[in-house]
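Here is the structure we will look at.
The values are calculated or read from the model by the stated rules, or taken from the named source; none is laboratory data. As the structure is a prediction and not an experimental result, all values here were calculated from the model. With ideal geometry, Cβ positions are generated from the backbone for all residues, glycine too; neighbour counts draw on all protein chains shown. Surface areas here come from the heavy atoms of the whole protein model, side chains and all, with no ligands, DNA or RNA. Shrake-Rupley method; radii C 1.70, N 1.55, O 1.52, S 1.80 Å.
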Amino acid sequence: MVVLLFPILNRHLLFTPKKSNMKKTFIYILLIGLCFCIEIQAQETSSFTLPTPWTQTALNAETPLPEYPRPQMVRSEWKNLNGTWEYMGGNNLTDPTTSTQPPQFINTAKIKVPFPPESELSGIAKKNETFMWYRREFSIPKEWKGKQVLLHFGAVDRIATIFINGEKIGTHTGGYDSFHFNITSHLKSGNNELVVGAYDPNDGKAACGKNGPRGDYTYTSGIWQTVWIEPVEEQYISHFKITTDLPNNRILVIPTVYGESNKIKITAEAYNGETLVAQTSGTPKETLFLTINQPHLWSPDDPFLYGLKLTLTTSKGKIIDKIDSYFGMRSIEIKKIDGINRPVLNGEFVFHIGLLDQGYWPDGIFTAPTDEALAYDIKLAKNAGFNVIRKHIKVEPQRWYYHCDKLGLMVWQDMPNLWEPDGADSTAIRSQFRKELKTMIDQHYNAPSIVMWVPFNENWGAFEVTDITEWTKKYDCSRLVNGLSGFNYAPGYRPAYGDPGNGDFVDMHHYGNIESNAMPKPDEKRAASLGEFGGKGLFVRGHLWPVPNNAYEMMLNKNILTDTYVLMMNQIEQMIKYEGLSAAIYTQTTDVEHEINGLVTYDRQIEKMILNKVKDINQDVIKCTRKKP
């Protein structure tokens, strides 16, 4: 439409008297802007395969997902770069991994970042194009003059190459972790050009989870989390690590400062609401200890969070960086209760009843349409009486963990698995997996909701599990480690690794009847976990993804599905009391494409169970099994 109007408007202006040119020019610009908006927002929810309650909001947003993307490290100044970008994709384009300069953008499409190009919300809805190129312009606020500027990416799947004003500034490998570059020296006054090249071979030789060649669902790639910039001084807090030491009623803060750290001081302050409860200062190379008298503990029943402020100052007292954060006081460990190993939260055995949560959306696929939608699944689990979410082989944006911290859900965090860890290049592939596992732990270490790491699932691409389980336990001794969830399942395409024999849980999966011979048993060092169970399905006409739908067992209606869940939980209670079971994860939070075994439909429009009944039985089981050593 814009293309058709350009020659008409140009000709009209050419033959317009000069005295009216200003008015006509205004009309010209107005019409161009109107046409541009029409082009971008041409989508309607009626054209979507399965719209969610948030699809229209995402379509209307000039800047999708406008919320600050890093809640545990907040600076007051920043700029969101989500929105409409130019896009090119295809296997015949320039390879971003070898390109030393950006390609020419010819015959481009418009894409709405950060929705992956395979999603309908992106406006592209294309499949696995391998090479993807994005372009947009941006300007630096005048208030940032004299500051360093950091360019942040929440996540790009899988290998990203970044150009500013035609200059290559760096690359990054890893589809689930955040990264940034200092772009100050590449900037100019006025508009700046940002080009992002993304390469995703979808070969299974990387940590990809179900977002890979053997995955069950729509495959996605490219930019799928928020892109943003922020100003900092030449010296700034690049990251920090918070460890809770509950026996000594304190937290340890280990800061890392970028730039020359001599003659500067860092101050840490802890707040209970607006009240300062602890304060300490030191050099950037010191561990800071904050004593919290009579700490208010974090738990699913009472998810209390303390505020934390970190301030970096010069020797003369000038503030050069200031961070707002938060923390929760809690402990998690394995202890014997009546001679049986149990997970103990804040000194008490609390049965872990959770939901398997895969984080897929019919409109955004890997990216939730809005922040409200991102929080919906967590609120659903909470309202249904669950106290755990097992985030299944996906790492979410940092705001997802913030919602869990704030709402009060314990998180089992899976590592996205490889599919093909063997072969001639296995050494490099396995090394990259280990690197990304470490990065996942580092980037989400401060979240009090995360109580356990799960390096592998059901032998999918599993390798060196015993060693990796041991490494994970040593690297983060403040959390539990479930080395291989569902070791009794095998993927079929390669031999199963089996029970690693270490870690904190003996973990099996079982989708049949809840009976003793199918349950994991605790041993002398580990507790017992039913890492997946249930999988009961229900057809809801009008809310099904257009593929053959299935589940482990189909139910006739909502009442039968609910009663079946209640029966299973009564049986689970027997397993807790008499077989030593300590955790159970029901499959799953929502339907996901062909799988229709969720508490709600894939579009989040229909509740498939009577959630009050689900909540009642969950809470009853938790309550009657609570016990202290």
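Picking from residues in segment 299-317 that are within 23 Å of the chain's Cα centre (by Cα) and open to solvent by less than 30 Å² (accessible area, probe 1.4 Å), the one that is nearest to Gly347 (Cα to Cα) is Ser299.
Within segment 156-178, the residues that satisfy the criterion of being open to solvent by 20 Å² or more (accessible area, probe 1.4 Å) and not in a loop (DSSP other than H, G, I, E, B) are Ile159, Glu167, Lys168, Ile169, Thr171, His172, Thr173.
Selection of segment 595-614 for residues being surrounded by fewer than 21 Cβ atoms within 10 Å (Cβ to Cβ) and either under 22 Å from Gly364 (Cα atoms) or touching a residue at least 24 places away in the same chain (Cβ under 8 Å) (or both) yields Gln605, Ile606, Glu607, Ile610, Leu611, Lys613.
Which is assigned to a loop (DSSP other than H, G, I, E, B) and over 24 Å from His352 (Cα atoms), of Gly492, Gly501? Lay out the reasoning, then the answer.
Values: Gly501 fails: over 24 Å from His352 (Cα atoms).
So the residue among Gly492, Gly501 that is assigned to a loop (DSSP other than H, G, I, E, B) and over 24 Å from His352 (Cα atoms) is Gly492.
Look at segment 522-546: where a residue is over 15 Å from Gly486 (Cα atoms) and modelled with pLDDT of 95 or more and a partner is among the acidic types (Asp, Glu) and open to solvent by less than 10 Å² (accessible area, probe 1.4 Å), sitting 6+ places away or on another chain with Cβ atoms under 7 Å, you get His543/Asp603.
Across segment 269-305, the qualifying residues are those that are part of a loop (DSSP other than H, G, I, E, B) and charged (D, E, K, R), and the one among them that is farthest from Gly385 (Cα to Cα) is Lys285. Are any of the residues in segment 266-277 buried (at least 16 other Cβ atoms within 10 Å of the Cβ), free of Cβ contacts under 8 Å to residues at least 40 places away in the same chain and of a type outside the set (Asp, Glu)? Yes, there is a match, as at least one residue in segment 266-277 is buried (at least 16 other Cβ atoms within 10 Å of the Cβ), free of Cβ contacts under 8 Å to residues at least 40 places away in the same chain and of a type outside the set (Asp, Glu). Assigned to a loop (DSSP other than H, G, I, E, B) and open to solvent by less than 30 Å² (accessible area, probe 1.4 Å): does that describe Thr52? Spelling it out, Thr52 is indeed assigned to a loop (DSSP other than H, G, I, E, B) and open to solvent by less than 30 Å² (accessible area, probe 1.4 Å).
Could you tell me whether Gln571 is out of contact with any His (no Cβ under 6 Å at 6 or more places or on another chain), farther than 27 Å from Tyr360 by Cβ and at pLDDT 95 or above?
Taking the combined requirement at face value, the residue satisfies it.
The residues of segment 85-110 that are surrounded by 13 or more Cβ atoms within 10 Å (Cβ to Cβ), more than 13 Å from Val196 (Cα to Cα) and either aliphatic (A, V, I, L, M) or without any contact (Cβ under 8 Å) to a residue 60 or more places away in the chain (or both), listed by number, are Leu93, Thr108, Ala109.
Identify the residue in segment 548-573 that is open to solvent by 40 Å² or more (accessible area, probe 1.4 Å) and touching a Leu at 6+ places or on another chain (Cβ under 9 Å) and, among all such residues, is nearest to Asn612 (Cα to Cα). Let's see the steps before the verdict.
We begin by selecting, within segment 548-573, every residue open to solvent by 40 Å² or more (accessible area, probe 1.4 Å); these are 548, 550, 552-554, 556-560, 563, 567, 570-571.
Applying the additional criterion that residues be touching a Leu at 6+ places or on another chain (Cβ under 9 Å) yields 554, 556-558, 560.
Values: Met554: 21, Leu556: 20, Asn557: 16, Lys558: 13, Ile560: 15 Å.
My answer is Lys558.
Looking across segment 395-404 at every residue that is touching a residue at least 40 places away in the same chain (Cβ under 8 Å) and assigned to a loop (DSSP other than H, G, I, E, B), the one that is least open to solvent (accessible area, probe 1.4 Å) is identified as Val395. Apart from one condition, Asp363 fits all of (1) open to solvent by less than 10 Å² (accessible area, probe 1.4 Å); (2) among the charged types (D, E, K, R); (3) over 26 Å from Pro213 (Cβ atoms); the exception is (3). Among the residues in segment 295-317, are any without any contact (Cβ under 8 Å) to a residue 24 or more places away in the chain and either among the acidic types (Asp, Glu) or at negative phi (or both)? Yes; the residues of segment 295-317 include at least one that is without any contact (Cβ under 8 Å) to a residue 24 or more places away in the chain and either among the acidic types (Asp, Glu) or at negative phi (or both). Of all residues in segment 225-261, exactly one satisfies the criterion of being part of a strand (DSSP E or B), surrounded by fewer than 20 Cβ atoms within 10 Å (Cβ to Cβ) and of a type in the set (Asp, Glu), namely Asp245. Checking each residue in segment 448-468 for being of a type in the set (Val, Ile, Thr), crowded, with 23+ Cβ neighbours inside 10 Å and under 19 Å from Ser426 (Cα atoms) picks out only Ile468. The residues on offer are Tyr475, Tyr493, Tyr497, Tyr489, and the sole one that is without any contact (Cβ under 8 Å) to a residue 60 or more places away in the chain, in contact with a Lys or Arg (Cβ under 9 Å, 6 or more places away or on another chain) and either open to solvent by 50 Å² or more (accessible area, probe 1.4 Å) or within 21 Å of Lys391 (Cα to Cα) (or both) is Tyr475. Selection over segment 410-441 of residues that are touching a helix residue (DSSP H, G or I) at 6+ places or on another chain (Cβ under 6 Å) and assigned to a loop (DSSP other than H, G, I, E, B) gives a count of 3. When you look at Trp545, is it open to solvent by 20 Å² or more (accessible area, probe 1.4 Å), within 24 Å of the chain's Cα centre (by Cα) and over 22 Å from Leu437 (Cβ atoms), yes or no? Against the criterion (open to solvent by 20 Å² or more (accessible area, probe 1.4 Å), within 24 Å of the chain's Cα centre (by Cα) and over 22 Å from Leu437 (Cβ atoms)), Trp545 qualifies.
Given the condition under 21 Å from the mean Cα position of the chain (by Cα), surrounded by fewer than 19 Cβ atoms within 10 Å (Cβ to Cβ) and either at pLDDT 95 or above or not aromatic (Phe, Trp, Tyr) (or both), answer yes or no: does some residue in segment 405-412 qualify? Write out each step before concluding.
Step one: of segment 405-412, the residues under 21 Å from the mean Cα position of the chain (by Cα) are 405-412.
Then drop every residue that is not surrounded by fewer than 19 Cβ atoms within 10 Å (Cβ to Cβ), which leaves 406-407.
Retained after the next criterion (residues that are either at pLDDT 95 or above or not aromatic (Phe, Trp, Tyr) (or both)): 406-407.
Yes, because at least one residue in segment 405-412 is under 21 Å from the mean Cα position of the chain (by Cα), surrounded by fewer than 19 Cβ atoms within 10 Å (Cβ to Cβ) and either at pLDDT 95 or above or not aromatic (Phe, Trp, Tyr) (or both).
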